[in-house]
Amino acid sequence: MSDLRAPAPYDALLLLSFGGPEGPDDVVPFLANVTRGRGIPEERLKEVGKHYFLFGGVSPINAQNRALLDALRKDFADHGLELPVYWGNRNWAPYLTDTLREMVADGHRRIAVLATSAYASYSGCRQYRENLAESLAVLEAEGLPVPRVDKLRHYFNHPGFVRPMVDGVLASLAELPEGARVGAHLAFTTHSIPVSAADTSGPEEAHGDGGAYVAEHLDVARMIVDAVREETGVTYPWQLVYQSRSGAPHIPWLEPDICDHLEALHGAGVPAVVMAPIGFVSDHMEVLYDLDTEATAKAAELGLPVRRSATVGADPRFAAAVRELVLERAATEQERTVERCALGALGPSHDVCPVGCCPARALKPAAAGADSPYA
């Protein structure tokens, strides 16, 4: 696909992300945005925000997104793809609605959207689609042009996303004490979500027993294990585990938690562990605190050597994958046949989220889907 240069009908790309505070004064207002409508008092938000205050009130996610923006713009320019790239967030500046206002003021009417979440889930896909619909409704109410937005497909199994994670695991294995390396375990981590949300993730035919969310992560983990075996000759034991649980304790969430898993491995005599955060595009706060701080401290308490492998971040291979995803979707919209890159057993994801895909907690309009009011 590298020889294709025609992004039409798209005239811009929007990088859509979560957002994060960039100083101590931002933390509580940011968390108020994240938890809007839940009635959480300010004192509780300050307690929840202690992770951010440990790092000067700064989440690394915005810097990571700026680096990804630079990587995308460089890759596009290097390959002759004339497509401007913008950035908007769900919960902090630059806010999505403001970015869409800027895009329509610049004349853009058909926008491809890349969300910084690779997998199917309500919070990783449907909620971003709801955010898009809310922002488009604001533009419509203000009398501004309402652009067509198309969310790019899930890219969890694209080689440009998978291969950097393989290299990260290999590098972390090489950093382990030599005597512990052969018997090491791989702990593939992702954000825990309510079991009910996992079971209904993805299209309706994928629902049940973890839904598409768990199936997609397991597929990626198997691909990495296979690739590591090809490189090292060793099949490392592994498990998909979870982190960053939140919410009411009586609601079941995906388990086991990474810290509990480290305790279990230590109890079983495992000599070392590589923690691989495959569920995260970049090293944002869940990685920086829950793995690099909390889980690493637990491992030190146990005397268990651990290493944390790198996320994809702004890797040039990921930037190239985004370019391919844009051109692939453009070719589909042009009704041209195009190869859809995907590794593993699940194949390429759908372009348009069907009705019933990652259903909403409450009935809300969502853009970029079969049920979109802005088709």
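The values are calculated or read from the model by the stated rules, or taken from the named source; none is laboratory data. All of these numbers come straight from a predicted model, not from anything done at the bench. Positions of Cβ are backbone-derived with ideal geometry, glycine not excepted, and every protein chain shown enters the neighbour counts. Surface areas here come from the heavy atoms of the whole protein model, side chains and all, with no ligands, DNA or RNA. Shrake-Rupley method; radii C 1.70, N 1.55, O 1.52, S 1.80 Å.
Checked against (1) at positive phi; (2) in contact (Cβ under 8 Å) with a residue 24 or more places away in the chain; (3) surrounded by fewer than 22 Cβ atoms within 10 Å (Cβ to Cβ), G202 passes all but a single condition, namely (3). Within segment 223-247, the set of residues being among the polar types (S, T, N, Q) and modelled with pLDDT of 95 or more comprises T232, T235, Q239, Q243.
The single residue among A314, A330 that is crowded, with 17+ Cβ neighbours inside 10 Å and more than 20 Å from the chain's Cα centre (by Cα) turns out to be A330. Within segment 257-278, the presence of at least one residue that is over 30 Å from A71 (Cα atoms), touching a Lys or Arg at 6+ places or on another chain (Cβ under 9 Å), buried (at least 21 other Cβ atoms within 10 Å of the Cβ) and of a type in the set (V, I, T) is confirmed.
Looking at R308, R323 in this structure, which one is open to solvent by 20 Å² or more (accessible area, probe 1.4 Å) and in contact (Cβ under 8 Å) with a residue 40 or more places away in the chain? Steps first, answer last, please.
Working: R323 fails: open to solvent by 20 Å² or more (accessible area, probe 1.4 Å).
Result of the check over R308, R323: R308.
Report yes if some residue within segment 22-42 is surrounded by 18 or more Cβ atoms within 10 Å (Cβ to Cβ), assigned to a loop (DSSP other than H, G, I, E, B), over 19 Å from the mean Cα position of the chain (by Cα) and modelled with pLDDT of 95 or more; otherwise report no. Within segment 22-42 (the criterion being surrounded by 18 or more Cβ atoms within 10 Å (Cβ to Cβ), assigned to a loop (DSSP other than H, G, I, E, B), over 19 Å from the mean Cα position of the chain (by Cα) and modelled with pLDDT of 95 or more), the answer is no, since none of the residues qualifies.
How do the pairs read when you match residues in segment 215-236 that are of a type in the set (D, E) with residues anywhere that are open to solvent by 10 Å² or more (accessible area, probe 1.4 Å), using Cβ under 8 Å and keeping only pairs 6 or more apart or on different chains? Matching pairs, first to second residue: E216/L346; D219/G344; D219/A345; D219/L346; E231/L170.
One residue is enough: does segment 53-63 have a residue meeting the conditions open to solvent by less than 80 Å² (accessible area, probe 1.4 Å), of a type in the set (G, A, S) and closer than 22 Å to S117 by Cα? Yes, because at least one residue in segment 53-63 is open to solvent by less than 80 Å² (accessible area, probe 1.4 Å), of a type in the set (G, A, S) and closer than 22 Å to S117 by Cα.
Within segment 314-350, being under 19 Å from A115 (Cα atoms) and in a loop (DSSP other than H, G, I, E, B) holds for A314, D315, R340, C341, A342, P348, S349, H350.
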